[in-house]
Amino acid sequence: MEGTCPSCGTVQRGSKNDPFNCAMCGEVLETKDDQFVRFMKSGKDAGTPLEQLRDLAQEAAEKAAEKTEVKSSPSPSGTASSSSAKNKPSSGAVVDVEVL
């Protein structure tokens, strides 16, 4: 099958059944609906670098929230901490304060 690379626009021939590399830019391509498209192994587009950074930051925030929840869980003896202790910031907590 003949088509153009979506990355560099080079006209070339490629396989209808298996992924292949563009002859000019090396992009891994596959055939869908009689045209060449970028091959996505997982089926999900990786996105722009900015979107990747946003996703990485979101994952890090979720992991940090999970660690915070684990630390604030009841002690092994079964007694829960008092509500006043929950409101106190830990020694590693960041508190944003504005002085007028």
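All of the numbers you see were taken from the coordinates with simple rules; none came from a lab. Computed from a predicted model, the values in this text were never measured in an experiment. With ideal geometry, Cβ positions are generated from the backbone for all residues, glycine too; neighbour counts draw on all protein chains shown.
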Grab the other residues whose beta carbon is less than 15 angstrom from that of PRO6, score K and R as +1, D and E as -1, and report the net. -4
Multiply the residue gap between LYS16 and GLU69 by 0.36 nm, knock off their C-alpha separation, and tell me the result in nm, one decimal place. 14.1 nm
FRET E, pair LYS32, ARG54, Förster distance 30 Å, beta-carbon r, rounded to 0.05: 0.65
Please give the contour-minus-distance gain from CYS25 to GLU2: 0.36 nm per residue of separation, less the Cα-Cα distance, rounded to one decimal in nm. 6.6 nm
